[in-house]
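Novice: Pasting in a structure now, in structure tokens, and then I'll have a few things to ask.
The values are calculated or read from the model by the stated rules, or taken from the named source; none is laboratory data. Keep in mind that this is a model prediction, so the values were computed, not measured. Here Cβ is always computed from backbone atoms with ideal geometry, including for glycine, and neighbour counts include all displayed protein chains.
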Amino acid sequence: MAELMCWEAIRRAHDEELANDPMVIAMGEDIGVVGGTYKATLGLYEKYGEKRIIDTPISENGYTGLGIGASFLGVRPIIEIMSVNFSWLAMDQIFNTAAKVRYMSGGQLTAPIVVRSPGGTAHQLGSQHSARMEKVFMGIAGLRVVTPSSPRQAYGLLKSAVRCNDPVFINEHELMYNMKGEVPDEEYFHPLEGSEIVREGRDVTLFGYNISVHWCRQAAGLLSEHHGIEAEVIDVFDALYDVVLRQAPLEQTFVDRLNAANELLQPRISEAIKQLAEAQLQRRRFIEERRASKTHLR
């Protein structure tokens, strides 16, 4: 396996998908000649040309809409929004067009776009450059939302997103672009749904995603070392928590020991996950009771 920084893994995924399919393009501010604010498209402008690596004006609503319209005709755009804070300007295009077109057209149209954008607090950023927006995006029907926590995920999720026929929003983190990690030498596609257990534990369960996975692992190490508490850490790279919880082995003890780490509004996120877990637990109990009653009637 190669050890790559996150930006190198993202660049490699771009390069491979552009080479694989001539209908894949990349668009965004400064991604061409400059190679991207975070170097995610470095050197690709020279390799693929200005028609496939498109430097756009500072108009998120305009170029996002352009990419979505092109996707209706078979193009597969990778749209970079320089900061997730600027995605507010493109929300109408993403939420009301890309996410809904399959339903509104009765399946006649799809919007196979990828929107990449970093968020979170980082060095030398003001408040209008530091938001976490995944909580907004995850509530939109028809839109997939993923949050990579490592170079391997950043690489594999982007490749899977490009080949997915649904619109996918990839929420990256500005502090993670120089983070190093192993990436398979061979082509690798990461699932767009689910979660990963990154640390086994029996006493408490910590949910994290993106950069907070690393905080959870650090906290788990301290709990083990100083208090003898063994924490399970789950990486929720798919921001649809209800999907993740449907896959979990839910029991009341599991629900009671859930905790979530997030850069902002931690109590709200944690409580929301607990409520979803409780709802899934009650749903499973209801289904099991119905099955038992039907068996009894027979």
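Novice: Taking the stretch 57-88, which residues are part of a loop (DSSP other than H, G, I, E, B) and either under 24 Å from His129 (Cα atoms) or touching a residue at least 40 places away in the same chain (Cβ under 8 Å) (or both)?
Specialist: Pro57, Ile58, Ser59, Gly74, Val75, Ile81, Met82, Ser83
Novice: Any idea how many residues of the stretch 102-120 are of a type outside the set (S, T, N, Q), free of Cβ contacts under 8 Å to residues at least 60 places away in the same chain and within 20 Å of Val146 (Cα to Cα)?
Specialist: Within the stretch 102-120, residues that are of a type outside the set (S, T, N, Q), free of Cβ contacts under 8 Å to residues at least 60 places away in the same chain and within 20 Å of Val146 (Cα to Cα) number 6.
Novice: Let me ask another. I want to confirm something. Restricting to the stretch 127-152 and keeping residues that are among the polar types (S, T, N, Q) and in contact with a strand residue (DSSP E or B) (Cβ under 8 Å, 6 or more places away or on another chain), which single residue is farthest from Arg76 (Cα to Cα)?
Specialist: Ser130
Novice: Does Val24 fit the bill of being more than 21 Å from Met179 (Cβ to Cβ) and either in contact (Cβ under 8 Å) with a residue 40 or more places away in the chain or acidic (Asp, Glu) (or both)?
Specialist: yes
Novice: Then there's this: Restrict the check to the stretch 57-77 and report whether at least one residue is in the same structural domain as Arg132 (by TED's automatic domain parsing), out of contact with any Ser or Thr (no Cβ under 9 Å at 6 or more places or on another chain), under 22 Å from Thr147 (Cα atoms) and of a type outside the set (Gly, Ala, Ser).
Specialist: Checking the stretch 57-77: at least one residue is in the same structural domain as Arg132 (by TED's automatic domain parsing), out of contact with any Ser or Thr (no Cβ under 9 Å at 6 or more places or on another chain), under 22 Å from Thr147 (Cα atoms) and of a type outside the set (Gly, Ala, Ser).
Novice: Looking at the stretch 233-241, is at least one residue acidic (Asp, Glu) and either out of contact with any Asp or Glu (no Cβ under 6 Å at 6 or more places or on another chain) or assigned to a loop (DSSP other than H, G, I, E, B) (or both)?
Specialist: Checking the stretch 233-241: not a single residue is acidic (Asp, Glu) and either out of contact with any Asp or Glu (no Cβ under 6 Å at 6 or more places or on another chain) or assigned to a loop (DSSP other than H, G, I, E, B) (or both).
Novice: While we're here: With the requirement that a residue be in contact with a strand residue (DSSP E or B) (Cβ under 6 Å, 6 or more places away or on another chain), farther than 25 Å from Glu225 by Cα and at pLDDT 90 or above, what does the stretch 186-214 give you?
Specialist: Within the stretch 186-214, just Leu192 meets the criteria.
Novice: From Arg152, Arg116, grab the single residue that is surrounded by fewer than 20 Cβ atoms within 10 Å (Cβ to Cβ), of a type in the set (D, E, K, R) and either assigned by TED's automatic domain parsing to the domain that holds Thr64 or not in a loop (DSSP other than H, G, I, E, B) (or both).
Specialist: The conditions single out Arg152.
Novice: Here is a check on your reading of the model: is Asn96 without any contact (Cβ under 8 Å) to a residue 24 or more places away in the chain and either in contact with a helix residue (DSSP H, G or I) (Cβ under 6 Å, 6 or more places away or on another chain) or more than 15 Å from Arg144 (Cβ to Cβ) (or both)?
Specialist: Spelling it out, Asn96 is indeed without any contact (Cβ under 8 Å) to a residue 24 or more places away in the chain and either in contact with a helix residue (DSSP H, G or I) (Cβ under 6 Å, 6 or more places away or on another chain) or more than 15 Å from Arg144 (Cβ to Cβ) (or both).
Novice: I've got another one for you. Here is a check on your reading of the model: is Tyr177 among the aromatic types (Phe, Trp, Tyr), at pLDDT 95 or above, assigned by TED's automatic domain parsing to the domain that holds Trp7 and in contact with a strand residue (DSSP E or B) (Cβ under 7 Å, 6 or more places away or on another chain)?
Specialist: Spelling it out, it is not the case that Tyr177 is among the aromatic types (Phe, Trp, Tyr), at pLDDT 95 or above, assigned by TED's automatic domain parsing to the domain that holds Trp7 and in contact with a strand residue (DSSP E or B) (Cβ under 7 Å, 6 or more places away or on another chain).
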